[in-house]
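Student: Starting off with a structure, shown below.
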Amino acid sequence: MIRSSRVTVLTLLGGLILAGFSILANGQIPGQLAQDFVAGSVPSPEDIAKLEKEVGAKPDDLHLTRKLGKGYFFQFFGEGDADAAPKAEKTLERALAIKKDDAEALVYLGALHIIRARRLEKNDAAKQKASFDRGFELVKQAEKVDARNGAVISIASASYLWLPDSYGMAPYVVGMLEGMRKGMGPMFLQFSHHGQQRLLLTLGQALVKTGQLDKARAVFDEGLKVNERSLEAGLIRAEIAKLKG
C-alpha cells in the first residue's frame, strides 16, 4: 500500500507541478490534465464509430487504441452504459499489449475495474474485492510508470477514493492534491471549470474521510464558486448537504 510519507509526497509534488505547467501550456485541449476528449462530456456514438474504424485500419497504433479504450471508459463512467465496460477493458488491454507500461492505459484500466466493482459487482463480495484489488494495483503501477502524466494525476486521485476506506488512501490523496494546488499557485485557475471542480471535489471528499470537516467545507465552497451551474456543482452541493446532515 502506498504510504503518505513526507518523502513520498514531496517527491510526487515535484512531478505534479511540472505536469500541470507542461499540460496547461502544451496540451491539445487547453486547461485539462487528461487529454483526448473534452472534459465533462461523453464521446458521441459518431466519435466512437470513427475511432473504431481508425483502429481497425491501424490496429497497432497505441494512441488510437488507447483513445478508443478511453472513449468506451467514458461511456461507462459518464453515461452508465454497462455494455461499454467490457469493450473498454478489452481495448485498454490491447493498448497494454502494444506497450505494456503505458501509464494512461494502466490508470484507466485500473479505474475501470474499481468503478465496475462499485456499480456492477455489489452482490458478489468475492468478485468485487478481486476487482478492487486489481484496480488498485493497476493505478499504483501507473503512478510508478509516470507520476507526471496528467491523466494519471486526475484519474488516480479519484480512483483511490472510490476504493473502500479499508485501503487507507484518503491521506495520500490529500497530500497529492494539496501539494499540487500549493505548488501551482495561480496556475491552478487556468484549469477548465470542470477540472478545477473535479479536483476540489476529490480533495474535499478526501478531507472528509480524514476527519478534516471544516477544511473540507471550505474546499467545497471554493469549488462551488468556480461554476454554480455545472454538473460538478450539483455533486459538490450533495457533499455539502452530507456535512450539514
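What follows draws every value from the coordinates through simple rules; no lab data is involved. Predicted, not measured: the structure shown is a model, and the values here were computed from it. FYI the Cβ positions are ideal-geometry reconstructions off the backbone, even for glycines, and counts take in every protein chain you see.
Student: Could you tell me the relative contact order of the range 33-168? Use alpha-carbon pairs under 8 Å, at least six residues apart, and round to a whole percent.
Tutor: Values: 174 pairs, mean separation 31.0, N = 136.
Relative contact order of the range 33-168: 23 percent.
Student: Using mean Cβ contacts within 10 Å as the protection proxy, how do 115-123, 165-173, 182-190 order, highest first?
Tutor: The packing order, highest mean first, is 165-173, 115-123, 182-190.
Student: Moving on to the next point. Can you spot the lysines whose alpha carbon is less than 23 Å from residue 70's alpha carbon? Ignore those fewer than 8 places along the same chain.
Tutor: 50, 53, 58, 87, 90, 99, 100, 140, 144
Student: Would you work out the relative contact order for the range 144-245, in percent, from Cα pairs under 8 angstrom that are 6 or more residues apart?
Tutor: 23
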